Amino acid sequence: MANKTPDRIRVGIIGGGLAGATLANALVVHSHLDIEVFEAASKFSERGAAVGLSMNAQNALRQIIPSAGDLLAKAGAVNMNSTRTMLGSGPAAGTFLFDIAADVDPGVIIHRASLLRELLAPLPQEILHANKKLAAIKPSGNDGVEVTFQDGTMEHFDAIIGADGIFGVVRDHVLQDAAEECAASPGGYWDSRNLVPFEKAKEVLGEKYFELDRQWGWIGDGAFILHDILENRTVVQVIISAVELDPPKDRKRPLTKEFLDQTLDRWLDGPIAKGVIELTLDQDDPQGYSQWEHKSTKTYANGRVCVAGDAAHATTPWQGTGAGLAIEDAMVLGALLSKVTSSKDIPAAFKAYDEVRRPRCQRIIDSSRETARIFCGRNPKIGLNPDKLREVIRPRWNFILGLDVEAHKAEAVRLLVNYL
Ligand SMILES: Cc1cc2nc3c(=O)[nH]c(=O)nc-3n(C[C@H](O)[C@H](O)[C@H](O)COP(=O)(O)OP(=O)(O)OC[C@H]3O[C@@H](n4cnc5c(N)ncnc54)[C@H](O)[C@@H]3O)c2cc1C
């Protein structure tokens, strides 16, 4: 494996979101790999506000881009000083539960578009193709994959990696007959994420919540509220998440005062809900979005095709891990494909990728769903008991943050050697 001059290997990445862009960085440094990235949208862009990168995600990014610290600084990453968690509903609303200090989880929070911009910046522009929506994918004999785009053009690759998001086309190809049973489904919660001018948030919610650059989480009956400071203390992100009993078909619901008052009825005498409802309804078109997830996935790989990022393992956002998992995927795929010297070995590399990544990612998806249940007071053994909440919540992040990224990569490479 090590001594042979490697063949040139053409790898197509479908999707230019955070997963596709990180993956391109992980692969482009290997001189035997020719990388092309295809994005359906007319330009490479990210919607939404912020993304948090916890310690494991930053460590994985550093494995891909040794100067990741500079990249994150250029993207305007802000250190999360601490997260304070409180009780938000019922007679004990306002009870302090715990703080997670920066030394325990030195996470950073970043504007999503800025992170994507900085991930795309080091890549050769000629490998980035916008307006290229994948329409079909099929094996081409035994030696490659043929992809057809919606504009009618076709390309041939030695390997395809689908980073085309939760409802991507590549996932269905990888899963074949199991695609339907493994399709994304509602996770049981919706959320509404809004950006509010700093001064307005301070006026409505109260000055005391804005003295430090601190994230505040409010646990309560049937819902969870979070607010944090972004963009150099000019903007506040305000999130309401709640239990969803009747997922709408189009995955979103308009938010009205009546609906929010009903959702947060046990919260209204507490310190936070009324202000958060006011700020949410002050938005142009307030909507709540269903959180969807992959409850099971039989495999991430099929021959010369695999999936990464949300295409492989979309999760509810309760443990803030979706982007971090995409970065870990890219790190592992980079390590594996750096060792592949012949395109015929790609199926072995993707098999090793599946074997090392799928158990961790599925565990996180399941843990995130259970975290939601606890945060919304729906775990009957814990309820909204402050002592029990203090005891159970913090350890839930240990297995996520504590990933030994070097060992994870080494395990993948060890499996590959066995398969060759
Ligand atoms: C509001 C919100 C907050 C979040 N907060 C956090 C957080 O704090 N921490 C964290 O780690 N994660 C967080 N996540 C999750 C994280 O953002 C996602 O897991 C991550 O962005 C997924 O990236 P992706 O590239 O896999 O998918 P996507 O971002 O969905 O990108 C897929 C790309 O593929 C393109 N595409 C789709 N179909 C095709 C096709 N047929 N052909 C070509 N291109 C195609 C799309 O246009 C898109 O650009 C959050 C998610 C949301 C929605």
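The values are calculated or read from the model by the stated rules, or taken from the named source; none is laboratory data. Note that the structure is predicted; figures quoted are calculated from it, not measured. Here the Cβ positions follow ideal geometry from the backbone for every residue, glycine too, while neighbour counts run over all protein chains shown.
Brief remarks on what is shown
- The test for being crowded, with 22+ Cβ neighbours inside 10 Å, over 17 Å from the mean Cα position of the chain (by Cα) and touching a residue at least 12 places away in the same chain (Cβ under 8 Å) holds for PHE157.
- Residues of the range 105-126 classified as assigned to a loop (DSSP other than H, G, I, E, B) and within 17 Å of the chain's Cα centre (by Cα), total: 1
Residue-wise test of (1) within 16 Å of the ligand (Cβ to nearest atom); (2) over 29 Å from GLY206 (Cα atoms).
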site	(1), (2)
THR256	no, no
HIS294	yes, yes
THR299	no, yes
GLY303	no, yes
CYS306	yes, yes
HIS313	yes, yes
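- Selected residue [free of Cβ contacts under 8 Å to residues at least 24 places away in the same chain and in a strand (DSSP E or B)] from LEU226, LEU245: LEU226
- Within the range 372-399, restricting attention to residues that are crowded, with 20+ Cβ neighbours inside 10 Å and modelled with pLDDT of 95 or more, the residue that is nearest to VAL413 (Cα to Cα) is ALA372.
- Residues of the range 185-208 satisfying the condition of being surrounded by fewer than 20 Cβ atoms within 10 Å (Cβ to Cβ) and in a helix (DSSP H, G or I): PHE198, GLU199, LYS200, LYS202, GLU203, VAL204, GLU207, LYS208
- Positions within the range 82-91 being crowded, with 16+ Cβ neighbours inside 10 Å and either among the charged types (D, E, K, R) or over 20 Å from the mean Cα position of the chain (by Cα) (or both), in sequence order: SER82, ARG84, THR85, MET86, LEU87, GLY88, SER89, GLY90
Conditions tested, residue by residue: (1) of a type in the set (D, E, K, R); (2) within 19 Å of ILE9 (Cβ to Cβ).
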| site | (1), (2) |
| --- | --- |
| ALA135 | no, no |
| GLY141 | no, yes |
| VAL145 | no, yes |
| GLU181 | yes, no |
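- Checking each residue in the range 136-182 for being small (Gly, Ala, Ser), within 15 Å of the ligand (Cβ to nearest atom) and closer than 27 Å to ILE327 by Cα picks out ALA136, GLY162, ALA163, GLY165, GLY168, ALA179.
- Pair list, Cβ under 8 Å, 6 or more apart: the range 164-191 residue in contact (Cβ under 8 Å) with a residue 24 or more places away in the chain and over 30 Å from THR280 (Cα atoms), other residue of a type in the set (Asp, Glu) and buried (at least 19 other Cβ atoms within 10 Å of the Cβ): GLY168/ASP310; VAL170/ASP164; ARG171/ASP164
- Positions within the range 359-380 being part of a loop (DSSP other than H, G, I, E, B) and touching a residue at least 24 places away in the same chain (Cβ under 8 Å), in sequence order: CYS376, GLY377, ARG378
- Residue in the range 42-59 that is more than 26 Å from PHE399 (Cβ to Cβ), surrounded by 14 or more Cβ atoms within 10 Å (Cβ to Cβ) and touching an Asp or Glu at 6+ places or on another chain (Cβ under 7 Å) present: no
- Every test in (1) more than 30 Å from GLN176 (Cβ to Cβ); (2) at pLDDT 95 or above is passed by THR315 save one, and that test is (1).
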